[in-house]
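Participant: First, the structure itself, so that you have it in front of you.
What follows is calculated from the coordinates using simple rules that are stated; it is not laboratory data. The structure presented is a predicted model; accordingly, all values stated were derived computationally and were not measured. All Cβ positions, even for glycine, are placed from backbone atoms using ideal geometry, and neighbour counts span all protein chains on display.
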Amino acid sequence: MNSWASLRDSPLRHGRECSVGRRRMAVVALILLVVAAACSGDGAELGGDFYGSASYNPFIGIKQSIVSDADAPVFAVRVDGDVPADQIFFSLLTMEDPRGGRFSASQPEVVLLEEENWLRSDQEFAGPTHSVIVDVEILRLRMEWLPSAPTPRDFVSTSAVEDQVRVRTDDGALRFEGGITFEGMRYQVRSDISQPDIAALAVGEDGELSAVFREAANAGEAVPEVSEVEWREEPEDVDRYLELPEELGGGVAELALELTRNLETSFEKGIALESWFRSPGFRYSTDIEPGHGTTELAAWLLDPERSNYRIGYCEDFATSMALMARALGVPSRVVLGFTPGTQQNDGTIIVRDRNAHAWVELWMPAQGWVRFDPTPRDDNVNPPAYELIEESLGFPITDYLDLPGL
């Protein structure tokens, strides 16, 4: 990877186009034709490997390549900003449509890079953020969505690439409409990474500490001081984030209600669900068939006689938590992306096929979308939200989830 350059002074913005770039785009167009010929239905599926590359399918589900534990480097990154490199997750896009029990992305509304507002105002995060710039070089990743730190605010590349990039207004995801990513493709993104405000999340609708934090305060813990919180409106199309598959059945909802009985806020319920999935009753494994229908998902959670009972990988955990949250009336979406990669001696971060991951975002009325990660991965590169919160609080908030009657 080339030496670091600031976003606006990047050589990518100043005349680095050449015939090589045009030839690469021609190759991409040829590959796209091959992909289209191999696709089924409406052409949304991107399955299999192309010319030794790793391809992911954001519309249908996470493909076998994500659980292959492969060592293939998919992209390289250099990071400049206020967030440590080993804490930066790289997102591709969010998925909100749960029909069939496998989350997919609905037809996206996209805008040009020249548009002033990349994100709808009702999707903006209301809490503090940290700004970072990531310099990305594509290696073996082949797909139409560009990995970036969330939430993108500015993008720089060659004009040939910039002309083909669109921004999804739901989540700021970057879509490469010129084909699919190619080896050597380079771009820089400035992003604002959300930093949830624990003091705001600890407050209930009555303006006082919520149930879990009251319990902690009564036990002598140093809980956040109550501050005035401005409750925001839900996204205007919130029903998209609350839809449940008709075939899900009532058992999953009943389980979610049992686990969160006596809990008051969406934040408390999110922490309870996440910590439950991280309990010893669940096990992470990539030695399973990827993708399950809604009926299989319910059995995965509820039927101890199933051979893969509560054993799965990120798609199983993220899908299950997102649906259980919706059953509680908490808007949710699944995010497809990558865990933090491995930092090299020169500071470059290598993200590999095995870093592919899916996690959950829940809508918090005081803040907006907040990340939760229910998957107990073996490599421990994805700490759950409650661990990060406990580091800030100085005590284990999960100790107070077991309220009377729970």
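Participant: With θ taken as phi - 60° and the coefficients 6.51, -1.76 and 1.60, list the Karplus ³J(HN,Hα) couplings across the stretch 361-366 in order, rounded to whole Hz; mark glycine and proline as x.
Facilitator: My calculation for the stretch 361-366 gives 10, 10, 7, 9, x, 8 Hz in order.
Participant: Mean separation of Cα pairs under 8 Å and 6+ residues apart, divided by the residue count of the stretch 147-250: what relative contact order is that in percent? Spell out each step's value before the answer.
Facilitator: Working: 97 pairs, mean separation 24.1, N = 104.
That works out to 23 percent.
Participant: Right, another one. In nm, what is the difference between 0.36 nm times the number of residues separating R99 and N345 and their Cα-Cα distance?
Facilitator: Values: separation 246, 0.36 × 246 = 88.56 nm, distance 4.46 nm.
Full-extension gain reported as 84.1 nm.
Participant: Suppose R0 equals 22 Å. What FRET efficiency, 1/(1 + (r/R0)^6) with r the Cβ-Cβ distance, do E137 and S159 give to the nearest 0.05? Show your work: numbers first, answer last.
Facilitator: Details: r = 18 Å, r/R0 = 0.81.
So the FRET efficiency works out to roughly 0.80.
Participant: Working from the pairwise distances between different alpha carbons, so that the mean of 1/r is found and then inverted, what is the stretch 95-213's Kirkwood radius in Å?
Facilitator: Values: mean 1/r = 0.0614 Å⁻¹.
Averaging 1/r across every pair of different Cα atoms and inverting gives 16.3 Å.
Participant: Report the extension gain between E183 and S106 in nm, rounded to one decimal, defined as 0.36 nm multiplied by the number of residues separating them, less their alpha carbon distance.
Facilitator: Details: separation 77, 0.36 × 77 = 27.72 nm, distance 2.78 nm.
Contour length minus Cα-Cα distance gives 24.9 nm.
Participant: Can I ask one more? Could you list R166, R240, R333 so that the one with the fewest beta carbons within 10 Å of its beta carbon is first and the one with the most is last?
Facilitator: Numbers: R166 20, R240 15, R333 25.
Lowest count first: R240, R166, R333.
Participant: E208: net charge of surrounding residues, Cβ under 12 Å, Lys/Arg +1, Asp/Glu -1, itself excluded? List each step's numbers first, then the result.
Facilitator: Numbers: positive: R214; negative: E205, D206, E225, E228, E264.
Around E208, the surrounding residues sum to -4.
Participant: When the gyration tensor of the stretch 330-377 is built from Cα positions, what are the square roots of 5 times its three eigenvalues, in whole Å, from largest to smallest? Intermediate results must be reported in sequence, preceding the final value.
Facilitator: Details: eigenvalues 151, 32, 12 Å².
Working through the eigenvalues yields semi-axes of 27, 13, 8 Å.
Participant: Given the Cα-Cα distance of S392 and D287 and 0.36 nm per residue of separation, how much length would full extension add, in nm?
Facilitator: 34.3 nm is the gain from fully extending S392 to D287.
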